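Asks: This is the structure, below, for whatever I ask next.
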Amino acid sequence: MFTCFHCGHSSSSPITYPCSNCGANLNHLNGQSFSNFQRNKWNEHTDLIQGYQQVQLYDKNWNCSFDTTGTSKINDIVKFTINYGQKLSLQSNRGNHVNEAYLSFIPEIIGQGTSSQYTTLSTVTCSGCCIISPQSINYGHPFPVLIDWVKQTWSSESSQCYKCGKKTHVGLQICGECYQKIGNWEKLL
Ligand SMILES: [Zn+2]
Ligand SMILES: [Zn+2]
């Protein structure tokens with residue numbers, strides 16, 4: 001079952017937006033309409049393609065940027081994550097808020113990231129996408145995350161394959177075997 005992130009309307013096939021029930025769309029998540037906050041975040045998470053050699057940490061312990069693949073597929077990544085993503089709660093940076101987040105692995109390299117915890121500041125490739133608070137029209141924005149960060153953040157969580165029901169790692173909504181049978185995650189949209 002798939003449910004609209006906004007009204008909870010459900011369907012046996014992935015929800016297409018705008019939602020046929022409530023009209024909610026994904027424009028605030030895919031780069032088509034932005035608040036200033038979202039534009040700043042978008043720039044932070046696409047700084048690789050703006051000519052920097054490294055992903056900047058911006059005083060954070062972890063950071064990730066979409067690469068050109070991630071940026072060119074952002075519509076599908078957002079649609080996939082909002083439909084198949086695992087709903088999790090996420091503490092805000094300052095620790096004073098708990099936000100709802102959708103986490104979904106995209107089985108393809110969509111970005112690069114780095115961490116102050118790594119001994120070298122070189123970047124590592126990133127699969128996956130996290131969407132924070134899609135309910136928030138002004139503050140919701142998509143960003144790529146590193147698997148190490150996911151493991152640290154949700155160490156006790158797990159998930160289940162949509163297709164075969166097998167237990168999987170957190171955020172992995174389609175297991176490796178099922179992905180192999182399907183061949184291409186974009187076919188699931
Ligand atoms: Zn809806
Ligand atoms: Zn499976």
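The values are calculated or read from the model by the stated rules, or taken from the named source; none is laboratory data. On a predicted model such as this, the values are computed, not experimentally measured, just so you know. Because the Cβ atoms are built from the backbone with ideal geometry, glycine has one as well, and the counts that use them run over all protein chains shown.
Asks: Could you identify the single residue in S115, S65 that is surrounded by 14 or more Cβ atoms within 10 Å (Cβ to Cβ) and in contact with a Pro (Cβ under 8 Å, 6 or more places away or on another chain)?
Replies: S65
Asks: Hey, can you tell me all the residues within the range 168-185 that are near ligand 2 (Cβ under 10 Å from one of its atoms) and either crowded, with 17+ Cβ neighbours inside 10 Å or not polar (S, T, N, Q) (or both)?
Replies: So the first thing to find is which residues in the range 168-185 are near ligand 2 (Cβ under 10 Å from one of its atoms), and the list is 168, 172-182.
Answer for the range 168-185, where residues must be near ligand 2 (Cβ under 10 Å from one of its atoms) and either crowded, with 17+ Cβ neighbours inside 10 Å or not polar (S, T, N, Q) (or both): T168, L172, Q173, I174, C175, G176, E177, C178, Y179, K181, I182.
Asks: Turning to a different aspect of this structure: Residue by residue through the range 129-156, note down the ones that are at pLDDT 85 or above, under 13 Å from Y102 (Cα atoms) and assigned to a loop (DSSP other than H, G, I, E, B).
Replies: Scanning the range 129-156 gives P144, V145, W154.
Asks: So for the range 12-30 (the condition being more than 16 Å from ligand 1 (Cβ to nearest atom) and outside any helix (DSSP H, G or I)), does at least one residue qualify?
Replies: Yes, the range 12-30 has at least one match.
Asks: I've got another one for you. Right, S13: modelled with pLDDT of 90 or more, of a type in the set (S, T, Y) and more than 16 Å from ligand 2 (Cβ to nearest atom) or not? Write out each step before concluding.
Replies: Working: modelled with pLDDT of 90 or more: yes; of a type in the set (S, T, Y): yes; more than 16 Å from ligand 2 (Cβ to nearest atom): yes.
Spelling it out, S13 is indeed modelled with pLDDT of 90 or more, of a type in the set (S, T, Y) and more than 16 Å from ligand 2 (Cβ to nearest atom).
Asks: Now a separate question. Mind counting the residues in the range 125-148 that are in contact (Cβ under 8 Å) with a residue 60 or more places away in the chain and of a type in the set (V, I, T)?
Replies: 3
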